[in-house]
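A.B. asks: A single structure is presented below for examination.
The values are calculated or read from the model by the stated rules, or taken from the named source; none is laboratory data. Remember, predicted model here, so these are calculated numbers, not experimental data. In this analysis, Cβ positions are derived from the backbone assuming ideal geometry, glycine residues included, and neighbour counts consider all displayed protein chains. With ligands, DNA and RNA removed, areas are computed over all heavy atoms of the protein, side chains included. Shrake-Rupley method; radii C 1.70, N 1.55, O 1.52, S 1.80 Å.
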Amino acid sequence: MLNDKPDDATSDAARWAALIAAVAREKDREAFAALFTHFAPRIKTFMRRSGASEQSADELAQEALLAVWSKANLFDPNSAGASAWIFTIARNLRIDALRREKRTRTAGTDDIDLEFQVDDGPSPDAGLAAAQTESRVRSALATLPDDQLRVIELSFFDDRAHAEIAQTLQIPLGTVKSRLRLAMNRLRGLLGDFS
Amino acid sequence: MTIVHHPPDELLTAFAAGMLDLGQHIAVATHLTGCRHCRRVVHAMEHVGGGVLTALPATAMSPGALAAVETRLDGLAPAVATGLRKAATGITDVPGLPPFVRDYPSSSWKWIAPKVHLRPIRMPEASATRVFLLKSQPGTKMIEHTHTGFEMTCILTGSFAHAGGHFGPGDFDFGDGATDHEVMIDSSEDCICLVAMQGELKLNGIIGRLLQPLIRM
Ligand SMILES: [Zn+2]
């Protein structure tokens with residue numbers, strides 16, 4: 001869970017990063033299977049909550065893990081956490097899937113990767129900043145109460161999921177939204193100043 | 001370049017979550033291109049996304065999914081970093097745009113009113129949000145307008161002022177349907193902005209009537 005003790009989260013993150021590195025270095029299939037077993041079922045949930053059908057959520061989760069395999073050589077543990085990196089893969093696949101649904105694009109996720117590339121290259125201190133960010137985020141998430149964590153999740157899904165979660169938590173949708181703002185403010189405060 | 005006005009946190013989070021349409025995404029990406037501070041916030045939110053993903057309950061994969069994926073691994077070539085493509089005909093003459101927007105096909109400035117030119121950004125995707133560049137000469141006073149949706153403005157060169165403050169290069173001006181602008185260009189050079197706009201415009205005055213059909217394109 002998100003609010004596991006920071007130590008557990010740290011060792012998990014280090015383990016996943018090591019597995020991705022093994023895939024990149026040695027095409028290690030055991031490492032890949034371990035990544036698949038943990039992440040594919042969660043990416044499937046992510047896609048289901050984003051409105052994908054059972055079948056396409058399954059396919060998208062498979063696509064995401066194929067991308068983990070082929071992009072493992074681009075994973076830089078100094079500039080991104082393992083789960084954050086896999087999240088961005090799933091996110092970009094979700095955007096691509098939504099565009100395909102509207103039949104406006106068949107170009108694939110490379111263009112979407114570019115759309116998230118907002119500067120000409122990593123800044124010289126990017127590695128250090130990322131490491132700091134990761135540990136800060138981890139400890140910030142660990143201090144948030146459960147109900148606030150639950151609504152933070154909402155930022156990563158659209159209104160459809162908001163309504164669903166309002167129902168599960170048995171609170172009105174308006175309350176979900178105001179709780180979300182509160183949780184974001186709290187998280188922002190915990191993350192501190194980034195400038 | 002000192003940036004004073006940043007996008008609100010919800011917008012940076014929505015960007016990191018991949019929840020913005022392409023037009024909105026372009027506006028936030030333009031701000032991020034010049035703002036290291038907000039790049040780090042987005043990066044932090046991607047880490048939050050990783051935390052959210054990891055904490056989601058598992059949905060069982062279809063039987064044989066892993067085996068099916070494993071048979072496809074050998075055929076996959078390692079990915080090559082998405083380098084920046086060289087755009088020969090892109091939007092190369094406007095500073096401050098993110099690399100992917102510079103790659104979009106260029107279009108020309110169109111005169112829309114005295115001292116004001118507009119240049120549409122032709123997106124490769126249909127988007128509910130229109131995006132265009134607006135170039136105003138020093139001293140231009142834009143007529144007040146209201147609109148039913150939001151408007152995001154990224155200042156690329158020059159500066160302007162309105163009731164909400166003073167805006168220079170790198171600043172991000174976020175207006176929702178409730179905002180009324182009376183904008184004064186107060187720089188000695190041209191003020192070029194990237195504008196992303198959703199909703200129907202209700203423009204008042206002569207510039208409004210001139211702008212309206214163009215922005216609908
Ligand atoms: Zn900023």
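A.B. asks: Among (1) under 25 Å from A:GLU164 (Cβ atoms); (2) surrounded by 24 or more Cβ atoms within 10 Å (Cβ to Cβ), where does A:LEU65 come up short?
C.D. replies: The one condition A:LEU65 does not meet is (1).
A.B. asks: Please go through segment B:25-37 and pick out each residue that is more than 8 Å from chain A (Cβ to nearest Cβ) and near the ligand (Cβ under 9 Å from one of its atoms).
C.D. replies: B:HIS31, B:GLY34, B:CYS35
A.B. asks: Turning to a different aspect of this structure: Residues in segment B:38-64 that are within 16 Å of the ligand (Cβ to nearest atom) and more than 7 Å from every other protein chain (Cβ to nearest Cβ): how many?
C.D. replies: Qualifying residue count for the region: 3.
A.B. asks: If you check B:ALA17 against the conditions, is it within 8 Å of chain A (Cβ to nearest Cβ) and within 13 Å of the ligand (Cβ to nearest atom)? It would help to see each step written out before you state the result.
C.D. replies: Numbers: within 8 Å of chain A (Cβ to nearest Cβ): yes; within 13 Å of the ligand (Cβ to nearest atom): no.
No; evaluated as a whole, the condition is false for this residue.
A.B. asks: Exactly one condition in (1) more than 9 Å from chain A (Cβ to nearest Cβ); (2) in a loop (DSSP other than H, G, I, E, B) is not met by B:THR71; state its number.
C.D. replies: Only one criterion is unmet by B:THR71, namely (2).
A.B. asks: Quick one: count up the residues across segment A:71-85 that are among the small types (Gly, Ala, Ser), open to solvent by 20 Å² or more (accessible area, probe 1.4 Å) and at the interface with chain B (Cβ under 7 Å from one of its Cβ atoms).
C.D. replies: Number satisfying all stated conditions: 1.
A.B. asks: Which residue is least open to solvent (accessible area, probe 1.4 Å), if the candidates are limited to segment B:109-130 and must be of a type outside the set (Lys, Arg) and under 17 Å from B:THR92 (Cβ atoms)? Reasoning before the result, please.
C.D. replies: At the first step, the residues of segment B:109-130 found to be of a type outside the set (Lys, Arg) are B:109, B:111-114, B:116-118, B:120-121, B:123-129.
From what's left, under 17 Å from B:THR92 (Cβ atoms): B:109, B:120-121.
Values: B:TRP109: 62, B:PRO120: 28, B:ILE121: 12 Å².
Among those residues, the one meeting the criterion is B:ILE121.
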